[in-house]
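For reference, the structure discussed in these notes is given below.
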Amino acid sequence: MSSVLTDKHPCFSAQAQHQYARMHLPVAPRCNISCNYCSRKFDCVNESRPGVTSEILSPQEAREKFEQVKAAIPNLSVIGIAGPGDALANWEETRKTIELIKQEDPEILVCLSTNGLLLPEYAPELIKLGVRHVTVTVNCIDPAVGAQIYGTINYEGKRYMGMEGSKILIHNQQEGIMYLAGHGVSVKVNLVMMKIVNDWHIPEVVKRVKELGACMTNIMPFIPAPGSVFSGLPQTSMNEVAAVRSVCAGEVKQMTHCRQCRADAIGLLGQDRSSEFRRRLRETEPVEHKPVPFTGYCKVAVTSKFGKLVDLHFGQAEEFQIYHVSGRRYELVETRRLEKYCGGTAECVTEDQRRDGILAALADCQAVLTMRIGYPVQKRLLKRGIMSVEYCYTVESGLLYTVEQLALRAAVG
């Protein structure tokens, strides 16, 4: 990738941020992944947060707005498509927008951001369209971690959840990054740093994406979004982010000037002028699948050391806390010790007997909420109609998350 082009891109070059402006075109409203840290339902015009926009543009409207902004901001060097959903999940709109902008100004740099799920399919076309800078959000390379971060993965007409979905996403992200980098595209990888969930895992991710050809990583602080599953998680401090960036700096170049921009941002990175060019102020309703409400109450078995956090692996549990959950209301109704069902390890002479005892203890539950659980055990539970939910924060937020996952399962039959 020519350094001359990158030198004019304010996100890929720290020096360019004070010289060159960028323009995000919000032409991609739909998303194919449900991220537990994301919510696009709310918009404040003074808010800087990925996924936020005050309007959705058609490709033709995007071209007209580009002409307007270009006339007003002569140092505009980059147009990007950063949502508010996923650029590749709205491929027809994204492709048409790029073609129209290139017709208007063949020299303008074009970039886009994506979750990477559809990169293997569209990477060759992106290269043909002249896209030379791509940002991919990669929050993990371990499917068990991904099962906590992503609620659903909608891929090729099917909806996947848990580790099954995260395996597909991780594989496609890595295939796409390797292809783009191998064909001269500058790939920047964004990582959202979430306490307990993936903060410890980030150095592994950075090492892997560097091996795939990424030229830079951007470790971003998690910012709680109202209405998201992770709204109760604590915000990651910049000191914490800086410490992890320092660890990863020896591996690959770190972006340290990110502003976590809106999907309709315009101007220099530190001086968003999007309000000057806004056509219509309205709340943007994203196109998303809404889960079927889970009626009545369900029983959820939780593995927890002290009853506050979901911080115990399934295999380490000697007891289960049983909750009744209905909507956003929950109640601890009992604690079930495994000795009652299998007589304890002294009498359970085989591992099969112990597993049978655990299954007996959970027979009347609809779900198990645990920090980690092995795939073979997940399958055994699922055969009995018991859903496994991996989570790593408070019991309260985990129970609400579990209800959402049960509702999603009900929605897909």
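The values are calculated or read from the model by the stated rules, or taken from the named source; none is laboratory data. Keep in mind the model is a prediction, meaning the values are calculated, not measured. We place every Cβ from the backbone using ideal geometry, glycine too, and count neighbours over all the protein chains shown. Note: areas computed on protein heavy atoms with side chains; ligands, DNA, RNA excluded. Shrake-Rupley method; radii C 1.70, N 1.55, O 1.52, S 1.80 Å.
For region 188-247, with all protein chains in place and a probe radius of 1.4 Å, 56% of the accessible heavy-atom surface sits on carbon or sulfur. Mind giving me the nanometre distance, one decimal, between the label points for GLU61 and GLU175, set 7 Å out from Cα along Cα→Cβ? Result for the modelled spin labels: 3.4 nm.
Of the cross-linked pairs LYS253/LYS308; LYS102/LYS167; LYS305/LYS379; LYS70/LYS167; LYS65/LYS128; LYS167/LYS207, those separated by over 30 Å at the C-alpha level are LYS253/LYS308; LYS102/LYS167; LYS70/LYS167. Okay, which of region 358-384 sit inside 17 Å, backbone N to the point 7 Å along the Cα-Cβ direction of VAL333? Correct set: 360-369.
Is region 86-170 rounded, prolate or oblate when judged by the Cα gyration tensor, a ≥ b ≥ c being the square roots of its eigenvalues, rounded requiring a/c under 1.5 and prolate requiring a/b larger than b/c? Could you put the intermediate results ahead of the total?
Working: a/c = 3.25, a/b = 2.31, b/c = 1.41.
Prolate is the answer for region 86-170, as a/c is 1.5 or above and a/b outweighs b/c.
When a/c reaches 1.5 or more, the comparison of a/b and b/c decides; with that in mind, is region 16-276 rounded, prolate or oblate per its Cα gyration tensor? Rounded.
What accessible area per residue, rounded to a whole number of Å², is obtained for region 142-278 using a probe radius of 1.4 Å?
On the way: 5320 Å² over 137 residues.
With all protein chains present, region 142-278 gives 39 Å² per residue.
In order along region 245-251, the phi-based Karplus estimate (6.51 cos²θ - 1.76 cosθ + 1.60, θ = phi - 60°) of 3J(HN,Hα) comes to 4, 4, 4, 8, 4, x, 8 Hz; Gly and Pro are listed as x. Identify the residues of region 154-181 with backbone N under 11 Å of a label point that sits 7 angstrom from the Cα of GLU211 along the Cα-to-Cβ direction, or state none. Nothing falls inside the zone, counting backbone N under 11 Å.
What is the calculated FRET efficiency for SER237 to ASP352, with r their C-beta to C-beta distance and R₀ = 35 Å, to the nearest 0.05?
Values: r = 47 Å, r/R0 = 1.35.
That gives a FRET efficiency of 0.15.
If the segment from PHE306 to ASP142 were pulled out straight at 0.36 nm per residue, it would be longer than the present Cα-Cα gap by 56.4 nm. Hey, got a sec? Which GluC sites (Glu not before Pro) in region 296-340 land in a DSSP loop and have at most 14 other Cβ atoms within 10 Å? Answer in residue order: GLU318.
Can you give the extra length, in nm with one decimal, that the chain gains between HIS183 and ILE223 once fully stretched, where that is 0.36 nm per residue apart less the Cα-Cα distance?
Numbers: separation 40, 0.36 × 40 = 14.40 nm, distance 3.39 nm.
Here the answer is 11.0 nm.
When the surface is traced with a 1.4 Å probe over the full set of protein chains, LYS253 keeps roughly 110 Å² accessible.
When only the heavy atoms of the protein chains count and the probe is 1.4 Å, how do GLU211, GLU404 rank by accessible area, highest first? Intermediate values should be presented prior to the final figure.
On the way: GLU211 115, GLU404 80 Å².
Ranking GLU211, GLU404 by accessible area, largest first, yields GLU211, GLU404.
A Förster radius of 25 Å combined with the Cβ-Cβ distance from VAL252 to TRP200 puts the calculated FRET efficiency at roughly 0.85.
Out of the total accessible area of region 60-152 (probe 1.4 Å, heavy atoms of protein only), what percent is carbon and sulfur?
Values: 1350 of 2950 Å².
So the carbon and sulfur contribution to the accessible surface is 46 percent.
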